[in-house]
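This report concerns only the one structure given below.
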Amino acid sequence: MHVSSYNKASNDPNFENVNSSTTSKEKTVDFGFQTVLASEKAEKVHKVFENVASKYDLMNDVMSVGIHRIWKDYFVKKMFPLPPGTSIIDVAGGTGDIAFRMLQSIERQNKHFDVSGTEKNSSILISDINQAMLDVGKERASKMNLQSDMLSWLCADAQQLPLADNSFDLYTIAFGIRNVTEISKALDEAYRVLRPGGRFLCLEFSHVNNPLLKQVYDTYSFQIIPPLGEVFAGDWKSYQYLVESIRKFPTQDRFKEMIEEAGFRSVKYENLSFGVVSIHSGYKI
Ligand SMILES: C[S@@+](CC[C@H](N)C(=O)[O-])C[C@H]1O[C@@H](n2cnc3c(N)ncnc32)[C@H](O)[C@@H]1O
């Protein structure tokens with residue numbers, strides 16, 4: 001058994017998060033500030049999202065004071081205009097927040113350009129490892145009266161998508177990639193399932209560099225978010241994991257390199273809200 005607790009060196013976001021344990025041959029990875037066996041992380045992450053699924057959307061509003069909506073709207077805006085018939089996969093799509101925005105934007109765009117007819121319709125596959133999150137998403141889709149023939153759902157691991165090579169024009173992942181056990185595997189899969197010319201877009205919590213803002217942000221994250229999780233969702237631990245996992249995620253520059261290592265080209269990133277989140281993008285050439 002190998003479980004070591006948080007130490008300062010391993011809290012460096014540029015530190016490779018997949019390590020070889022000294023006492024066992026199995027790889028260890030970060031789960032927030034804990035180091036756990038790679039084989040244990042998926043189950044732990046699964047529990048987190050199973051616990052938060054029913055309160056997930058409410059908690060996003062509470063924790064970010066609604067700002068997550070602005071980030072997501074901006075993220076989706078960056079994809080447009082999209083040619084009719086674009087095939088999209090939204091990985092770690094959870095309760096559908098990104099996919100629903102894309103769908104509504106596609107409908108607005110089609111109206112504007114007077115594009116109609118199912119043959120020209122784009123498609124969005126919402127994929128997530130957690131069925132509980134997808135179930136909440138499906139319920140939301142029907143409440144929102146969304147055009148369901150453009151949406152489909154898949155319960156799958158981002159590191160091992162049961163999908164053919166070169167199948168999608170656009171791959172999106174929002175607030176998901178930091179939860180996967182091996183980020184590089186998810187990036188390899190993104191590259192594999194995209195068609196040549198396809199685009200990768202990732203929205204993720206990142207790192208605030210301004211020392212003063214960082215201090216305020218850290219205080220808010222560690223002192224306020226877990227208590228909010230307890231009050232609104234009866235779950236301190238999941239929200240503690242959330243803030244820790246953000247600190248463990250690679251820096252903007254290191255993540256850009258990882259995307260390039262997966263084969264993507266023209267990789268760049270943009271910080272939003274001083275780096276609280278960033279958008280990374282790249283193309284499969
Ligand atoms: C913070 S939520 C983000 C949901 C949605 N993209 C959004 O922006 O609201 C993270 C999602 O990642 C999913 N996830 C975690 N590990 C995953 C994996 N290995 N493969 C696919 N999805 C995963 C979780 O189940 C959860 O739904």
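Results, tabulated for the structure shown:
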quantity	calculated
Residue selected from the range 65-95 under the condition outside any loop (DSSP other than H, G, I, E, B) and either closer than 20 Å to K111 by Cα or in contact with a Pro (Cβ under 8 Å, 6 or more places away or on another chain) (or both), by the criterion farthest from the ligand (Cβ to nearest atom)	S87
Index of the failed condition, E50 passing every other in (1) open to solvent by less than 20 Å² (accessible area, probe 1.4 Å); (2) in a helix (DSSP H, G or I)	(1)
Lone unmet requirement of (1) open to solvent by 10 Å² or more (accessible area, probe 1.4 Å); (2) in contact with a strand residue (DSSP E or B) (Cβ under 6 Å, 6 or more places away or on another chain); (3) among the hydrophobic types (A, V, I, L, M, F, W, C); (4) within 13 Å of the ligand (Cβ to nearest atom) for C155	(2)
Condition check for V48: touching a residue at least 60 places away in the same chain (Cβ under 8 Å) and under 25 Å from E189 (Cα atoms)	yes
Long-range neighbours under 7 Å by Cβ, at least six apart or interchain, first residue touching a residue at least 12 places away in the same chain (Cβ under 8 Å) and at negative phi within the range 242-266, second open to solvent by 10 Å² or more (accessible area, probe 1.4 Å) and charged (D, E, K, R)	S245/R178; I246/R178; K248/D30; F249/R178; A262/D188; F264/K284
So M59, is it away from the ligand (no atom under 11 Å from the Cβ) and in contact (Cβ under 8 Å) with a residue 12 or more places away in the chain	no
Criterion (assigned to a loop (DSSP other than H, G, I, E, B), surrounded by 15 or more Cβ atoms within 10 Å (Cβ to Cβ) and either of a type in the set (F, W, Y) or without any contact (Cβ under 8 Å) to a residue 60 or more places away in the chain (or both)) met by exactly one of L163, L103, L146	L146
Hits in the range 33-47 - residues which are among the aliphatic types (A, V, I, L, M) and outside any helix (DSSP H, G or I)	V36, L37
Top-ranked residue of the range 166-177 - restricted to ones that are in contact (Cβ under 8 Å) with a residue 40 or more places away in the chain and over 16 Å from the mean Cα position of the chain (by Cα), ranked as most open to solvent (accessible area, probe 1.4 Å)	D169
The range 120-152, residues that are within 14 Å of the ligand (Cβ to nearest atom) and either among the charged types (D, E, K, R) or modelled with pLDDT under 90 (or both)	D128, D135, K138, R140
Checklist (1) within 11 Å of the ligand (Cβ to nearest atom); (2) over 18 Å from the mean Cα position of the chain (by Cα); (3) of a type in the set (D, E, K, R) applied to E40, failing item	(1)
Residue within the range 109-119 that is in contact with a Gly (Cβ under 8 Å, 6 or more places away or on another chain), open to solvent by 20 Å² or more (accessible area, probe 1.4 Å) and within 15 Å of the ligand (Cβ to nearest atom) present	no
Residue match in the range 71-84 (condition: open to solvent by 10 Å² or more (accessible area, probe 1.4 Å), touching a helix residue (DSSP H, G or I) at 6+ places or on another chain (Cβ under 8 Å), within 26 Å of G229 (Cα to Cα) and at pLDDT 95 or above)	yes
Residue count, the range 85-119 (criterion: modelled with pLDDT of 90 or more and at positive phi)	4
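The values are calculated or read from the model by the stated rules, or taken from the named source; none is laboratory data. Just so you know, these numbers come straight off a predicted model, no measurement behind them. Quick reminder, even Gly has a Cβ in these numbers, built from the backbone with ideal geometry, and neighbours come from all protein chains shown. Heads up: the accessible areas ignore ligands, DNA and RNA and are worked out on the full protein's heavy atoms, side chains in. Shrake-Rupley method; radii C 1.70, N 1.55, O 1.52, S 1.80 Å.
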